[in-house]
Amino acid sequence: MRHSRVASIVALMVLASPAMADEPLPQSRAEALRMESMDALPMTRFYDPPRPLAAAPPGTLIRAEKFAGYRLPKGARAVRILYHSRALNGDDVAASGVVLIPAGTTPRGGWPVIAWAHGTSGVARRCAPSLMKDLEYGEEGLMPMVANGFAVVATDYAGLGTPGPHQYDNKIPQANDVVYSIPAARAAVPALGPRWVAIGHSQGGIATWGVAELEFSRHDAGYSGAISVAGDMNYEAYEAHDAEVFEPITDLYWPFTAFGIKASYPSFAVERMLTPSALARYEDVTTRGCWYYAYAAMKEIGQDRVVQRGWDDAPEVHHYNDDSRSANKPIRGPLLVLAGDDDHSVAIANVALGVEAACRLGLPIEYVHRAGLDHDPLMQNTIALQLAWVGDRLADKPWQSTCAVSR
């Protein structure tokens, strides 16, 4: 699963795969659809916001419902939420998500809260994690949060679950979706405590950088920090390698990226980016299936090129990259950055460059890297560290920036 940085790309190397290293990948589109259907939950009218969507402040709850169809730790329960968020251009949009509540009696002061930002699931509406029995991540960090006594507010991101194009891998709207899920969740589940920490993996690791940036100006009283796991930061660090070299898991992200640019900047011409072979699969990949389906469909291309030369000269691409560039703006800390030395999706050298840039600006960063961990194992194998860090922040224990010093 070797991924290297493409110059000027935001999306390609910041993405999570739902497939673990030892999990088989589909060999056909039909097999991919079968695999995805085994985890899928039905789309219901709950996910359809009122039309027209009446104007309301971001974070306003539209509706909530209890839901018992997830694979949760024993005694835990779930409440789905639909709420107002903000798109890249500031438009009022509906976003869906779910609140996971631990088993047992509500602690004094309410449940401690983690705002969860997920990695890539796909871009089709059906790819919302709250429409999956395991909420996409399952035991890969998500359910251990609940099992350890944290309530989790897990946004789907606008356009996943809800109608409208998902502004895929754009840090600004996804940070909005995370931040504004918190007041909506509190309206639906009053047992939530006032303090919260954001955790995001891969695509979500970029989103949590956006949360830290947004909180620099918002100053939410309950915000207590964020964790970025395997999130990319530096977008000019590597050559345009993946545009020239065939690799199925790399190739599947190109149509997702094209979709995200188009959703963020509608004037973008997808055909300027994708070759005829990729363009022929674009609509199918972005509407019919999710991560596995994209893998199977793009694998069919074989050794053919997937992207046109010079596609990244488009002004919309430059805007899209600037939206998600991290480590160059003020943040409200603390922010823990986790990287894996053997991450084949987000190269640790790229993360280190971003951390160095953040440290030069004096941003409140704590940097931890782990030897021998690839992209998904980094999330799974550092969950104890993450939850201890969250507990310390919620307990107001002392914190000090380490800036590129590992522990």
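Throughout, read-outs are computed from the coordinates displayed, never taken from laboratory work. From a predicted model like this one, the values you see are computed outputs, not experimental measurements. Neighbour counts are summed over all protein chains in view; Cβ atoms, including those assigned to glycine, are modelled from backbone coordinates with ideal geometry.
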Distance between modelled label sites at TRP399 and GLU31, nm, 7 Å Cα→Cβ extension = 4.4 nm
How many angstrom separate the Cα center of segment 340-388 from the Cα center of segment 268-288?
-> 32 Å
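How would you order 213-224, 73-84 from highest to lowest mean count of nearby Cβ atoms within 10 Å? Numbers along the way, then the final one.
Values: 213-224: 15.7, 73-84: 19.2.
So the peptides 213-224, 73-84, ranked by packing, come out 73-84, 213-224.
Please report the net charge: other residues with Cβ closer than 10 Å to the Cβ of ALA207, K and R +1, D and E -1. Intermediate results must be reported in sequence, preceding the final value.
Details: positive: LYS171; negative: ASP169, ASP177.
Around ALA207, the charge tally is -1.
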Just report the Cα centroid separation between segment 102-160 and segment 60-98, whole Å.
-> 10 Å
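As an exercise, use a Förster radius of 56 Å and the Cβ-Cβ distance of ALA187 and ARG309 to find the FRET efficiency, rounded to the nearest 0.05. Spell out each step's value before the answer.
Details: r = 50 Å, r/R0 = 0.89.
My answer for the efficiency is 0.65.
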How much net charge surrounds PRO163 when only the other residues with a Cβ under 13 Å from the Cβ of PRO163 are counted, with Lys and Arg +1 and Asp and Glu -1?
-> +2
Taking the Cβ of TYR83 as the center, what net charge do the other residues with Cβ under 12 Å away carry, scoring Lys and Arg +1 and Asp and Glu -1?
-> +1
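Assuming 0.36 nm per residue, please report the length gained on full extension of the stretch ASP91 to GLU356 beyond their Cα-Cα distance.
My answer for the length gained is 92.0 nm.
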